[in-house]
Structures are given as C-alpha cells and as structure tokens.
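To keep things clear, I will list the structure first and then write my remarks on it.
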Amino acid sequence: MSRRTILVVDDEPQIRRAVHNALAGDDARIFDAATGTAALTSAASERPDLVVLDLGLPDMPGIDVCRELRGWSEAPILVLSARHTDDEKVALLDAGADDYMTKPFSVVELQARVRALLRRSRAGDSQPQIRSGALVIDLVARTASVRGQLVHLTPIEWELLRTLATNAGRTLTHRQIFAKVWQGRAAGDAQQYLRVHVAHLRRKIEEDPVRPRHIITEPGVGYRFASAEQA
C-alpha cells in the first residue's frame, strides 16, 4: 500500500506493539493511543486513514469511540477485541465500524483486512470495474462475468453483489444489507431470506459454492466480500 496513517487504539502495550509490527512493513505511519479520549484527540489532529480500535478501553466504551469517530470521520474502523458475542459484533458494525477481528488475531489476516479497507477507501464508488480472480463486476454496465462469460443475475442478486463488492473487505450486518438492497423490507425470516439469495448468487459466481472465495459468511453477523488475495 502507499504510505498511509494508521491509528492503533488499545490499552495493552503488547497489542499496540504487535499491530505496529504487523503493519509497519506496509510503509504505514502508525501512531498509538491507550484511551478513548486520547484516540479522539489524536484522530482529530492527525486525521488517520484507518483506525484499529479495541473495545476494552479504560475510560470509555470502544463503541462510543466508534460512534464519535463516525460522526466526523470517514476513515475505515477495524475493531480488534477479545469479545466474541455476535450481538457485540453487530452493534459495533451498526455503529459505524467497517470490520471486526477477535483476539488472538492472525497477522496475515490483519494485514489483508487492512489492505482491503484502505484500498476500498482510496477507490470509493467511482471505480467502473471490480476484479477478484476470474470474477469481473462492471458497475457501469451492471453486469458480472466469470472467466469472460456473462452471468445472468436477477435484480436482487445484482444489487446484493454490488452492495457487497463496493464494500469489499468490510463486514456488512444483515440489517445493513437489508437497508441497502431491500430498503429494510423483507418478508418472514429476514436472515433466512437473505441466506437463500446469497446461496443462489454463490452458485453463479463461485467456483465452489460450498467453499466460497468471494462472499464470505461471518456467522451470526452478516457477510463480507473478499478479493482474491483475502479469500
């Protein structure tokens, strides 16, 4: 990645050191904060390109830091926490976090998630095409192809694929997906309704729908579109 500024927020020095070491090789300028108050102050002055945020801060809940940041910053927020409950993950993502990883974390996965979030942040929604391995999504023509062959998608399948792909690297909750694809409207069991559409879409774009490489399930939370290097 090109040189970017990353804020690491964690009250444990060893975690801050581990994240710093994991990301330093990507030529990023990294600065730290041990409390929520220090994080907000540093973010306001440094304007980071990405924030790695722990939930268990000594002075304020991490979710409050997330909400405050999201109120005036568009920088991607990657939550890194020892908390594992699905409800907490969903609450964080609905509060504005872009992705979530639990401790202990894989350095390789952390690097891939950070690269994906920074790449999406740079590209925005202006890119005409999204490529991931053999899959090409043309946002202008509203088409998808696999190995050069056009794939027939229903309007719902296209909107679902477009929503996930334009947020590549970001975990979207079921609620966020419904808000974007169905404007929040769905009949019956909403998660099952979504699961059926994802299964149909996977059969059309994945080489092996049972072991998908593009649309990744985050159990109990939602889905994430992974580029070929992340899958």
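The values are calculated or read from the model by the stated rules, or taken from the named source; none is laboratory data. This one's a predicted model, so the numbers in the text were calculated from it and none came from an experiment. We place every Cβ from the backbone using ideal geometry, glycine too, and count neighbours over all the protein chains shown. When the accessible area is computed, the model is the full protein with side chains, heavy atoms only, and any ligands, DNA or RNA have been set aside. Shrake-Rupley method; radii C 1.70, N 1.55, O 1.52, S 1.80 Å.
So, residue 179, is that one free of Cβ contacts under 8 Å to residues at least 60 places away in the same chain, among the small types (Gly, Ala, Ser) and under 20 Å from residue 220 (Cα atoms) or not?
Numbers: free of Cβ contacts under 8 Å to residues at least 60 places away in the same chain: yes; among the small types (Gly, Ala, Ser): yes; under 20 Å from residue 220 (Cα atoms): yes.
Considered against the rule, which asks whether it is free of Cβ contacts under 8 Å to residues at least 60 places away in the same chain, among the small types (Gly, Ala, Ser) and under 20 Å from residue 220 (Cα atoms), residue 179 comes out as yes.
Within the stretch 138-161, how many residues are open to solvent by less than 40 Å² (accessible area, probe 1.4 Å) and closer than 17 Å to residue 198 by Cβ?
So the answer is 9.
Can you name every residue in the stretch 1-25 that is open to solvent by less than 30 Å² (accessible area, probe 1.4 Å) and either assigned to a loop (DSSP other than H, G, I, E, B) or of a type in the set (Phe, Trp, Tyr) (or both)?
Scanning the stretch 1-25 gives a single hit, 10.
So residue 49 clears everything in (1) over 24 Å from residue 166 (Cβ atoms); (2) touching a strand residue (DSSP E or B) at 6+ places or on another chain (Cβ under 6 Å); (3) of a type in the set (Asp, Glu) except one condition, right? Which one?
Among (1) over 24 Å from residue 166 (Cβ atoms); (2) touching a strand residue (DSSP E or B) at 6+ places or on another chain (Cβ under 6 Å); (3) of a type in the set (Asp, Glu), residue 49 violates only (1).
What's the total number of residues in the stretch 40-68 that are open to solvent by 10 Å² or more (accessible area, probe 1.4 Å), free of Cβ contacts under 8 Å to residues at least 40 places away in the same chain and assigned to a helix (DSSP H, G or I)?
Residues meeting the conditions: 9.
Could you check, for the stretch 72-81, whether at least one of its residues is assigned to a helix (DSSP H, G or I), touching a strand residue (DSSP E or B) at 6+ places or on another chain (Cβ under 9 Å) and open to solvent by 60 Å² or more (accessible area, probe 1.4 Å)? Show your work before the answer.
So the first thing to find is which residues in the stretch 72-81 are assigned to a helix (DSSP H, G or I), and the list is 72.
Remaining after also requiring touching a strand residue (DSSP E or B) at 6+ places or on another chain (Cβ under 9 Å): none.
No, there is no match, as no residue in the stretch 72-81 is assigned to a helix (DSSP H, G or I), touching a strand residue (DSSP E or B) at 6+ places or on another chain (Cβ under 9 Å) and open to solvent by 60 Å² or more (accessible area, probe 1.4 Å).
Can you work out which of the residues in the stretch 220-231 that are at pLDDT 90 or above and touching a His at 6+ places or on another chain (Cβ under 9 Å) is surrounded by the most Cβ atoms within 10 Å (Cβ to Cβ)? Steps first, answer last, please.
To start, the set of residues in the stretch 220-231 that are at pLDDT 90 or above comprises 221-225.
Narrowing the set further to residues that are touching a His at 6+ places or on another chain (Cβ under 9 Å) leaves 221-223, 225.
On the way: 221: 19, 222: 25, 223: 23, 225: 27.
If we take residues in the stretch 220-231 being at pLDDT 90 or above and touching a His at 6+ places or on another chain (Cβ under 9 Å), then 225 is surrounded by the most Cβ atoms within 10 Å (Cβ to Cβ).
Which condition number does residue 106 fail, the rest of (1) open to solvent by 40 Å² or more (accessible area, probe 1.4 Å); (2) out of contact with any Ser or Thr (no Cβ under 8 Å at 6 or more places or on another chain); (3) touching a residue at least 60 places away in the same chain (Cβ under 8 Å) being met?
Exception for residue 106: condition (3).
Which of the numbered conditions does residue 164 fail, given that it passes all the others? Conditions: (1) touching a residue at least 60 places away in the same chain (Cβ under 8 Å); (2) hydrophobic (A, V, I, L, M, F, W, C); (3) loosely packed, with under 12 Cβ neighbours inside 10 Å.
(3)
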